[in-house]
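Every number in this text was worked out from the coordinates using simple rules, so none of it is lab data. Note that the coordinates shown come from a computational prediction; the quantities given were computed from them, not determined experimentally. All Cβ positions, even for glycine, are placed from backbone atoms using ideal geometry, and neighbour counts span all protein chains on display.
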Amino acid sequence: MFFFSGCCVGYHNHRYFLMGIFYIFIGALYGIYYQWEYVYETINLPVMYFFLCLLAPHFALLFGAINLWGLLVATLHTLGLATLLMVSYLLLMQAKAICQGQTQYEMKHNIHDYNLSLRQNIVDVLGRRWRIAWISPFIPSPLTGDGLKFLRATEYEPPKDI
């Protein structure tokens, strides 16, 4: 179970939410890619009818184009495609918000007060060890703030790298 389930996504669990949807995206992409050939061979229809069958497998069964096993395979593949599509959108929106230093509310209302820099925005979400924090949720990566006070873009001074 994810660390963020049953609660709002906030400052201290945003990293886990982001990595959770990233791993779901990778898993859905992996599943769709490796089952594609099997699904195509099982349904065994011309390309145009194949995609129609994925959209409405119950009609394909009704008209005799596929059997019950084909219905199950097409339905599960369609659910996998829908999962991939929805998680892709969620991941894209989260990445956009992080890159701009915004929450979804701030994106809707065009508020840019907390956009420090791309690097600092990523550090604010993934922590100080952001380069390796995405690999596992068990890698400690302390956050730079406390989640109660945030620097505005006008107050931010970039760190001096030596």
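Descriptive notes on the structure:
- The chain: DSSP helices with Cα axial extent of at least 24 Å and average Kyte-Doolittle hydropathy no lower than 0.0: 14-43, 68-99
- Ranked H12, H77, criterion: other C-beta atoms within 10 Å, fewest first: H12, H77
- Intensity falloff of the chain expressed as log10 I(q)/I(0), Debye formula with alpha-carbon point scatterers, at q = 0.08, 0.13 Å⁻¹: -0.38, -0.74
- With a Förster radius of 30 Å applied to the beta-carbon distance between M93 and H58, the computed FRET efficiency rounds to 0.40.
- Taking M19, M86 and counting other C-beta atoms within 10 Å, the order from fewest to most: M86, M19
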